[in-house]
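Structure record follows, encoded as structure tokens.
The values are calculated or read from the model by the stated rules, or taken from the named source; none is laboratory data. Note that the coordinates shown come from a computational prediction; the quantities given were computed from them, not determined experimentally. Using ideal geometry, Cβ is built from the backbone for each residue, glycine included, and neighbour counts are taken over all protein chains shown. All accessible areas refer to the heavy atoms of the entire protein, side chains included, with ligands and DNA or RNA removed. Shrake-Rupley method; radii C 1.70, N 1.55, O 1.52, S 1.80 Å.
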Amino acid sequence: MNWRAQVQDKLPEAIAMLQRYCRQPSISAQGVGIAETVAMVREMIENLGGECRVLDDCGGNPVVYASFEPGPNGNPNRTLLFYNHYDVQPPEPVEEWTVPPFGAEIVDGKLYARGAADNKGELVARLNAIALLKENGGLPCRVKFLIEGEEEIGSPALPRYLEKYADLFRADACIWEFGGKNQYEQVELVAGIKGMCYLQFWCYGADVDVHSSMGAVLDNAAWRLVHALATLKSADNRILVEGFYDDVVPPTEALKRIADELPVEDLKSLYGLRRPLITGDANPNYALLFEPTMTICGIESGYTGEGSKTVLPKRAQAKVDCRLVPNQDPDDILRKVRRHLDKHGFTDVEVTQINGERAYRSNLDHPFVQMVVDTAKAAYETEVVLHPNSAGTGPMYPFGEFLGMDLPIVSTGCGWWNSRAHAPDESIRVADFERGILHMVLLMERFGADV
Ligand SMILES: [Zn+2]
């Protein structure tokens with residue numbers, strides 16, 4: 001079968017489907033368009049002859065289950081699970097987009113839309129791969145989907161659905177939601193994910209804002225919070241919370257070798273950095289893959305408008321995320337941060353956990369991992385690099401917890417190095433989308449044949 005030509009013929013139809021899907025806003029953080037999007041996802045699945053169930057009895061936005069039977073020559077004993085999410089990040093700041101965020105316009109070979117790269121392009125690529133296989137003799141294996149609607153807000157309800165419907169979602173292997181090409185145009189695959197402990201800090205100094213002349217005698221919520229935060233991390237990038245690193249398992253020699261071989265991205269030019277990397281001369285891949293982080297995502301207090309306003313703010317808040325590595329527990333991290341604040345005299349600084357997720361890393365020796373690599377090479381005809389885990393986070397751990405900790409999970413998608421997920425002008429390149437469809441066709445073919 002000349003799949004490359006088949007995919008090419010299918011492309012206009014696939015793009016039209018993607019444009020329609022991207023034009024439907026589905027913003028979980030704002031509760032926009034959820035029901036409409038679920039209906040559209042169901043329609044796309046049923047149009048392809050899939051069985052669809054909308055699960056909504058465990059709270060949160062519905063989780064869509066889909067199942068496609070193997071064709072007459074397909075292997076009913078092999079089940080591939082796709083994980084996707086139909087929700088997207090808010091488009092704000094809208095004025096920074098050069099095209100409408102829900103217009104799905106194609107400019108210079110790129111399709112621009114909030115959600116194009118994260119994660120609507122992937123779902124549509126996968127569905128079109130299924131369509132092609134079905135039109136050409138049937139699916140080589142059984143295929144299931146779990147498509148959730150709260151990934152962009154931390155997947156709070158997903159573990160409950162996975163626990164309750166574990167039998168429904170059971171599979172031999174899983175393809176995760178995202179991926180794409182890096183700065184060197186290599187396809188990046190990831191076989192795991194970091195965890196997350198997202199913290200919110202609050203500090204109250206008074207019932208009301210006060211004239212700043214009283215700064216002569218009054219403490220100040222903003223200074224208080226800044227001092228508390230400053231105790232959490234050293235200037236040379238060491239997290240100072242007692243016990244923070246206790247559960248971190250050092251990388252094996254094999255993992256270190258992978259880190260050494262992975263390309264080092266030119267982050268300075270990519271982001272226009274004003275400061276050197278906080279990892280100094282060390283290979284940044286080590287920190288990206290194996291070390292936990294603590295990042296101040298935002299601080300807010302007092303007056304930050306135009307000109308000057310002399311005021312002593314009554315309150316201050318900060319949001320801090322900690323990316324965790326396998327074996328760290330977000331609830332345990334919260335307890336340790338609380339203990340740390342108390343010990344350093346900041347009993348008045350409140351801290352709560354907004355969301356928490358544990359890290360997950362697939363067994364890299366599982367044959368499925370190599371199968372995804374090999375088929376990516378064949379589809380994209382370019383170099384493919386495998387990361388033991390992403391530096392980012394997602395709800396991978398509960399898949400292992402409820403479907404089996406030996407479930408091999410590999411992430412791949414049709415993004416590129418300037419996809420700008422979560423930012424204005426999010427895009428995918430049509431050429432990558434085309435190869436992404438081909439990759440999924442080749443993978444399902446290999447997966448079904450492999451017994
Ligand atoms: Zn996202």
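For GluC sites (Glu not before Pro), no site in the stretch 53-122 is both called loop by DSSP and has at most 11 other Cβ atoms within 10 Å. Restricting the trypsin sites (Lys or Arg not before Pro) of the stretch 279-357 to loop positions (DSSP other than H, G, I, E, B) with no more than 14 neighbouring Cβ atoms within 10 Å leaves Lys309. For the stretch 321-381, the set of GluC sites (Glu not before Pro) satisfying both a DSSP loop assignment and a count of at most 16 other C-beta atoms within 10 Å is given as Glu381.
For the stretch 217-286 versus the stretch 91-118, the spacing of their alpha-carbon centroids is 32 Å. Over all pairs of different C-alpha atoms in the stretch 7-79, the reciprocal of the mean inverse distance, the Kirkwood hydrodynamic radius, equals 14.4 Å. Each peptide in 54-61, 267-274, 413-420 was scored by the mean count of other Cβ atoms within 10 Å over its residues; highest first, the order is 413-420, 54-61, 267-274.
Of Thr393, Thr98, the residue with the largest accessible area leads and the full order is Thr98, Thr393 (1.4 Å probe).
Rolling a 1.4 Å probe over the protein heavy atoms gives the chain an accessible area of 44 Å² per residue. Here the extension length gained between Ala166 and Lys268 equals 32.3 nm, from 0.36 nm per residue of separation less the Cα-Cα distance. With coordinates expressed along the principal axes, the C-alpha atoms belonging to the stretch 131-290 extend over 80, 42, 33 Å, beginning with the largest. Are there cysteines in the chain with no other Cys C-beta under 4.7 Å, and if so, which? Cys22, Cys52, Cys58, Cys141, Cys174, Cys203, Cys297, Cys414, each lacking another Cys Cβ under 4.7 Å. Spin-label model, Val208/Thr98: points 7 Å from Cα along the beta carbon direction are separated by 5.1 nm. Against the chain, whose longest principal axis is taken from its Cα atoms, helix 430-449 shows a tilt of about 60°. For the stretch 241-320, the spread of Cα positions along the three principal axes, ordered from largest to smallest, is 56, 35, 15 Å. Computed from the C-beta positions of Val248 and Glu36 and an R0 of 51 Å, the FRET efficiency is 0.75 to the nearest 0.05. Taking 21 Å as the limit for the C-alpha separation, the pairs Lys110/Lys144; Lys144/Lys377; Lys194/Lys336; Lys144/Lys164; Lys194/Lys377; Lys120/Lys181 exceed it in the case of Lys110/Lys144; Lys144/Lys377; Lys194/Lys377.
Here the ratio of the Cα radius of gyration of the stretch 303-397 to 2.2 N^0.38 Å is 1.75.
In this structure, Glu51 and Val107 have a Cβ-Cβ separation that, at R0 = 30 Å, corresponds to a calculated FRET efficiency of about 0.20.
Per the Debye calculation on the chain with a single equal scatterer at every Cα and no solvent contribution, log₁₀ I(q)/I(0) for q = 0.06, 0.07 Å⁻¹ amounts to -0.28, -0.38. Applying the Karplus relation 6.51 cos²θ - 1.76 cosθ + 1.60 with θ = phi - 60° to the stretch 243-259 yields 3J(HN,Hα) values of x, 4, 8, 3, 9, 6, 8, x, x, 6, 4, 5, 5, 4, 4, 4, 4 Hz, where x marks Gly and Pro. Rg of the Cα atoms in the stretch 319-451, relative to 2.2 N^0.38 Å, amounts to 1.39. Bridging of Lys309 to aspartates and glutamates at a Cα separation below 16 Å is possible for Asp209, Glu300, once same-chain residues fewer than 8 apart are set aside. Close amide H pairs (under 5 Å, H built 1.01 Å from N) link Val32 with Ile27, residues at least 5 positions away or on another chain. Rounded to the nearest 10 degrees, the inclination of helix 121-135 to the longest alpha-carbon principal axis of the chain is 10 degrees.
Each of Asp329 and Thr279 was given a label point 7 Å from its Cα along the Cα-to-Cβ line. The distance between the two points is 2.9 nm. Only helices enter the 222 nm calculation for the chain: every DSSP H run of n ≥ 4 contributes -39,500 (n - 2.57), and dividing by all residues gives -10000 deg cm²/dmol, rounded to 500. Relative to the longest principal axis of the chain, what angle (0 to 90°, nearest 10) does the C-alpha long axis of helix 34-47 take? The answer is roughly 20 degrees.
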